[in-house]
1. Using the basic label-point model (7 angstrom from Cα toward the beta carbon), what is the Glu178 to Phe281 distance in nanometres?
2. Would you kindly state how much longer the chain becomes between Asn202 and Tyr186 on full extension, computed as 0.36 nm times their sequence separation minus their alpha carbon distance, in nm to one decimal?
3. Over segment 78-209, calculate the relative contact order: mean separation of alpha carbon pairs under 8 Å at least 6 apart, over the residue count, as a percent.
4. Output the DSSP H helices from the chain with an along-axis C-alpha extent of no less than 30 Å and a mean Kyte-Doolittle hydropathy no less than -1.0.
5. Within segment 145-175, list the residues whose amide N lies under 18 Å from a label point set 7 Å along Cα→Cβ of Ala211.
6. Classify the chain as rounded, prolate or oblate from the Cα gyration tensor: take a ≥ b ≥ c as the square roots of its eigenvalues, call it rounded if a/c is under 1.5, otherwise prolate when a/b beats b/c and oblate if not.
7. Would you work out the charge dipole size for segment 128-281 about its Cα centre, treating the Cβ of every Lys and Arg as +1 and the Cβ of every Asp and Glu as -1, and quote it to the nearest 20 debye?
8. Any chance you could run the full-extension gain for Lys134 through Thr13? It's 0.36 nm times the residue separation minus the Cα-Cα distance, nm to one decimal.
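Quick note: the coordinates plus some simple rules give every number you see, no bench work behind them. Bear in mind the structure is a predicted one, so any value in this text is a computation, not a measurement. We place every Cβ from the backbone using ideal geometry, glycine too, and count neighbours over all the protein chains shown.
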Amino acid sequence: MKTKDQLIDDLITLAFAEDVGDGDHTTLSTIPADARGRQRLIVKEEGILAGVDMARRVFRHFDPDLKMTVYIEDGARVKPGDVAFEVEGSVRSLLQTERTMLNIMQRMSGIATMTARYQDRLEGLKTKVLDTRKTTPGMRLMEKEAVKIGGGANHRIGLFDMILIKDNHVDFAGGITEAVNRAKQYCKDNGKDLRIEVEVRNTAEIDEALAAGVDRIMLDNFTPERTREAVQRIAGRCEIESSGGITLDTLRQYGECGVDFISVGALTHSVKGLDMSFKAF
């Protein structure tokens, strides 16, 4: 299995392959090979900056001689006119890296900004907002990093780092007890130390999951009223997560029920990028 760094390097390589192809012929035909210049990243919208570390990797990957001077780091609140960083070096390299860097930074900053907005609604509560696997194919690690930068927490990265027994698993396996027992045996047989979470749909399934001994229960599409009752039933026996159709407007109602986590697909699946530009100066 590839490491996180290897997967990110693969994504950057692919991004340049689809954008530059056999050459940026506009730049190659109009800019002398020895031309040098500077560009700066200018923020054009209020939000949370994310992707500075990824920008460093993009520039280094394409041209290690590019020099980056950072003024604002990941996680900072920014406003229009803020200059996040400057980059100096080959003009050809600056022009060919611009779009890939901006695509990543705008996407990550949009996710971080959205996450901060959700987490701010939970101020004063123990509840943390979680991401999901509803991510852009290939960009998951960057997008989940952006969630953390925005103050949220990651659920699982993929199918490999946690066991999440959802309704379809339960139905195919013949019930929660059978599914959990199989999962525990699988971990034992394969030397895996994985946390087990179960999605439940009603009180009977809550009791079955508790009896089976799980690490976390996911309350799927529960109303706030049913969530409060479920928390009273589960409290202190395992972690509790709310999921399913929870919006920014209803988020705090669920947090006030006492759940540990609220998972929100909207953090990554339909976010708007933060507006910014990369300009010569």
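1. If labels sit at Glu178 and Phe281, their model points lie 6.5 nm apart.
2. Numbers: separation 16, 0.36 × 16 = 5.76 nm, distance 2.63 nm.
Full-extension gain reported as 3.1 nm.
3. Values: 107 pairs, mean separation 24.3, N = 132.
The value is 18 percent.
4. Values: long enough: 91-120 (42 Å, -0.31).
Counting only whole DSSP H runs, the qualifying helices are 91-120.
5. 170-171, 173-175
6. Values: a/c = 3.40, a/b = 1.99, b/c = 1.70.
Prolate shape, in that a/c is at least 1.5 and a/b is the bigger ratio.
7. Details: 22 positive and 24 negative charges, 101 e Å.
Computed charge dipole of segment 128-281: roughly 480 debye.
8. Values: separation 121, 0.36 × 121 = 43.56 nm, distance 2.28 nm.
The span from Lys134 to Thr13 would gain 41.3 nm if fully extended.
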